[in-house]
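Single-structure report; data block below.
The values are calculated or read from the model by the stated rules, or taken from the named source; none is laboratory data. Source: prediction; values computed, not measured. Glycine also receives a Cβ, built like all others from the backbone with ideal geometry; neighbour counts cover every protein chain displayed. Quick note on the areas: whole protein, heavy atoms, side chains included, nothing else; ligands and nucleic acids left out. Shrake-Rupley method; radii C 1.70, N 1.55, O 1.52, S 1.80 Å.
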Amino acid sequence: MKEDYVVCRCEEITLQEIKSAIKQGAITLDEIKKYTRAGMGLCQGRICSTIIIEILKEHGYLPQYSAPPHSRIPVRPVKIWEYIGEDQDV
Amino acid sequence: MDKGIKYDGYLSEKELAGAPGVPSIDQLNVKPLAVIECIEPIPCNPCERACPFSAITIGDSIWNLPVLDANKCKGCGACIPSCPGLAIFVVDMNYSSTSALVKIPYEYFPLPKEGMEVDCLNRKGEAVTKGRIHSVKTTATFDKTYIIGIEVNKKFAMEVRNIRM
Amino acid sequence: MRKVNLVVVGAGPAGLSASIEAAKHGVKALVLDENHKPGGQLFKQIHKFFGSEQQMAGTRGYEIGTKLLNLAKEYGVEIKLNNRVIGIDDHNTLAIIDNHKYSEIRAKKIILCCGATEKPLAFPGWTLPGVMGAGAAQTLVNIHRVVPGEKIIMVGSGNVGLIVTYHLLQAGVKVKAIIDASHKITGYGVHAAKIKRAGIPIILRYTVNRAMGTNQVEKVELIQVDKSFNKIPCTQISFDVDTICLAVGLSPSTELARMIGCKLYYHPKLGGYIPMVNQYMQTTIEDIYAAGDMTGIEEASIAMEEGRLAGLACAISLGYISDNAQSQKALENIRSNLSQLRMGNGKGGIING
Ligand SMILES: Cc1cc2nc3c(=O)[nH]c(=O)nc-3n(C[C@H](O)[C@H](O)[C@H](O)COP(=O)(O)OP(=O)(O)OC[C@H]3O[C@@H](n4cnc5c(N)ncnc54)[C@H](O)[C@@H]3O)c2cc1C
Ligand code: SF4
Ligand code: SF4
């Protein structure tokens, strides 16, 4: 049995899923994000990107030669009622 | 073999002997002196300013090691609480005919009480002897660090660096 | 929409120093921070800091924070807390959740001082309750005054690992050991000595193999590693612990810089991807500056000097002081403080954690 555990906690993406994405040709943080959703959750990759960088390194893809991931608004989790300006208890 | 502070977490005999802030046993036999166990270049220099007798020199680059001038040092202990590394001690070898007084910086609660008998720990955290608490002091300028004076057998003066109650 | 000359994101040592320096020269700075308390990392630090007199060395971290805050007040800096900056667009408009309400502010210049995030370490069982960042453990003991567990193992012998271990010991928690995959203690020797003389084992060349437990961490299994950090089979040892603290480094919080398109590069020693900055702490985008841990993980002393540099550079470019020999000299002074602190090594002199 191959060792497996969750890498991206927000989207529950496992080590084996990341590895198979790399096999399929996703070799940057952005590509892995689009392929697996790792880094697309609440924390926006603040936790898992470090781990994915390490996994990519093990496969010979060094972060020095690839761009950092894109970042989009909102960079922090925001509740919908905060966005649209309604009161919490509505 | 002890490999040194960056491997074991405590100073080896060799590092102690080579430290510019650690006086020799001959010097310590004459009068109470500061023992500055700081041997790694780090960007730090508050001890230099803390000494009212200009006995500690770091110089222009804050990466220099503190150098103790044993002639100027009066063993007053003013430098002890200034050191963020808690690396300065004062040793009075001739506290009595058989005992030495070791002053250490201390930042744990509960505090020991004067007169109490405690386990005395070496740099590795091993209990090596028993000692008696001689003094427990702090002032506003110590900024919550305490200086604990421990009376120990002379033999252990250069070993004891912590206590356990 | 509110319009201001200067917005500083982050009220840590870098952001506070930047706003103070700018305010000294007449720029009314607005500082935004998502926390309910200002000071960034400083208010968790109950130990005395290194550095030189100028950066208040020998003073406890939280007291440095208090001093910076008082200075900021004195110079009329406006600090807004509970203000999450969630985005920036290319017209320098910041999208903010201000105490649960969305709002926007436009600034002529922006200084990003967002600090850093703790790096995780993944191993089987790392998602069990009881595995946490050392910074989280530190927040629990020093801010909330709650102990994170009864029996702890600290992973990482850098300054963060050593200092947080010391704080845990001060709080009366039993720390079973500090471990590190490196063959050497990576933090300062004096910090290690404090831990060692309290009798805490420092185990080098070991990493976490897995965490075990049903509903939470009950045991940690360690494994020896060789020089290239490969696990050596059959070298497992284990400890009964309920908490595994990870102090394996920090990574710069660059999400806002990335969003507006600042160029970043990868610098492993400084914690990962960091924005490129010039000698004014200006990023590759004219109106955006960056300072502190987010431009590379170093120390509070360095974060403060970088902040001052960015604050002064903004005051000059906003026209509050003329760009003459005198102001260039002031910039040069800060740069020389910085190179003193880094021993002339440029970024990379000192590394935390
Ligand atoms: C355990 C430990 C011990 C340390 N000991 C020392 C020491 O002895 N000496 C020393 O010099 N240094 C020490 N440091 C390092 C020092 O604390 C940091 O280098 C310094 O705090 C970095 O300052 P900063 O202003 O860049 O970031 P921070 O202090 O991290 O502040 C960043 C601020 O930005 C805010 N922020 C981030 N993103 C947003 C956003 N999108 N919206 C709104 N607000 C945001 C955060 O809430 C935070 O308040 C230590 C660090 C740790 C963790
Ligand atoms: S013990 Fe007193 S005299 Fe000696 S170095 Fe320290 S402060 Fe100076
Ligand atoms: S204050 Fe302490 S850690 Fe700093 S240089 Fe002096 S002896 Fe060394």
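Some observations on this one:
- Every helix of 4 or more DSSP H residues in chain A counts as -39500 (n - 2.57), and over all residues that averages to -10000 deg cm²/dmol at 222 nm.
- Accessible area (Å², 1.4 Å probe, nearest 10) - residue C:226: 60 Å²
- Heavy-atom accessible area with a 1.4 Å probe sorts C:267, C:100, largest first, into C:100, C:267.
- Annotation: amide H-H contacts under 5 Å for residue C:243 (H modelled 1.01 Å from N, sequence separation of 5 or more, or interchain): C:151, C:153.
- Protein-only accessible surface order, largest first, of B:156, B:109 at 1.4 Å: B:109, B:156
- Between residue C:127 and residue C:278, the modelled labels are 4.6 nm apart [label points 7 Å from Cα along Cα→Cβ].
- For a straight C-alpha distance cut-off of 14 angstrom, the aspartates and glutamates reachable from residue C:73 (same-chain residues fewer than eight places away being disregarded) are C:21.
- Solvent-accessible area buried by C and B, counting both chains, probe 1.4 angstrom, square angstrom: 3200 Å²
- Sites residue B:142 and residue C:70 - FRET efficiency at Förster radius 22 Å, r taken between beta-carbons, to 0.05: 0.50
- Magnitude of the charge dipole, the range B:5-164, Cβ model with Lys/Arg +1 and Asp/Glu -1, debye to 20: 340 debye
- Ordered from largest to smallest accessible area (heavy atoms of protein chains, 1.4 Å probe), the residues A:3, A:12 come out as A:12, A:3.
- If you plug the beta carbon distance of residue B:94 and residue C:238 into 1/(1 + (r/R0)^6) with R0 = 45 Å, you get a FRET efficiency near 0.35.
- Think of it as helices only: each DSSP H run of n ≥ 4 in chain C is worth -39500 (n - 2.57), and spread over all residues that comes to -8000 deg cm²/dmol at 222 nm.
- What the phi angles of the range C:16-32 give under the Karplus curve with 6.51, -1.76 and 1.60, with θ = phi - 60°, is a coupling list of 5, 5, 4, 5, 5, 4, 5, 5, 3, 9, x, 7, 7, 9, 10, 10, 10 Hz, glycine and proline written as x.
- Heavy-atom surface of the protein assembly as shown, accessible at 1.4 Å and reported per residue (Å²): 43 Å²
- Result for chain C in a Gaussian network model with C-alpha springs under 10 Å: among C:87, C:272, C:172, the largest mean-square fluctuation is at C:172.
- In order along the range B:96-105, the phi-based Karplus estimate (6.51 cos²θ - 1.76 cosθ + 1.60, θ = phi - 60°) of 3J(HN,Hα) comes to 9, 5, 10, 10, 10, 10, 10, 9, 10, x Hz; Gly and Pro are listed as x.
- The modelled label-to-label distance between residue C:333 and residue A:83, using points 7 Å beyond Cα along the C-beta direction, is 4.8 nm.
- The range C:61-76 - phi-based ³J(HN,Hα) in whole Hz, Karplus 6.51/-1.76/1.60, Gly and Pro as x: x, 5, 6, 4, x, 4, 5, 5, 4, 4, 4, 4, 4, 4, 8, x
- Rolling a 1.4 angstrom probe over chain A with all protein chains present gives an accessible area of which 52% lies on carbon and sulfur atoms.
- About the Cα centre, charge dipole magnitude for the protein assembly as shown (Lys/Arg +1, Asp/Glu -1 at Cβ), debye: 560 debye
- Placed amide H near residue C:264: partners under 5 Å, 5+ positions off or other chain: C:276
- Computed lengthening from residue C:2 to residue C:36, 0.36 nm per intervening residue step minus Cα-Cα distance: 10.0 nm
- Amide H contacts of residue C:238: C:222, each under 5 Å away and 5 or more positions distant or on a separate chain (H built 1.01 Å from N in the peptide plane; Pro and chain starts excluded).
- Principal-axis analysis of the Cα atoms of chain C puts helix C:159-170 at an angle of about 70° to the longest axis.
- Straight-distance candidates among the lysines for linking to residue A:34, with alpha-carbon spacing under 25 Å and chain neighbours fewer than 8 residues away dropped: A:2, A:19, A:23, A:57, A:79, C:119, C:263.
- Using a probe of 1.4 Å on the protein chains alone, the accessible area found for residue C:53 is around 90 Å².
- Fraction of accessible area attributable to carbon and sulfur, chain C (%, probe 1.4 Å): 50 percent
- Estimated buried accessible area (total), pair C and A, 1.4 Å, Å² to nearest 100: 2700 Å²
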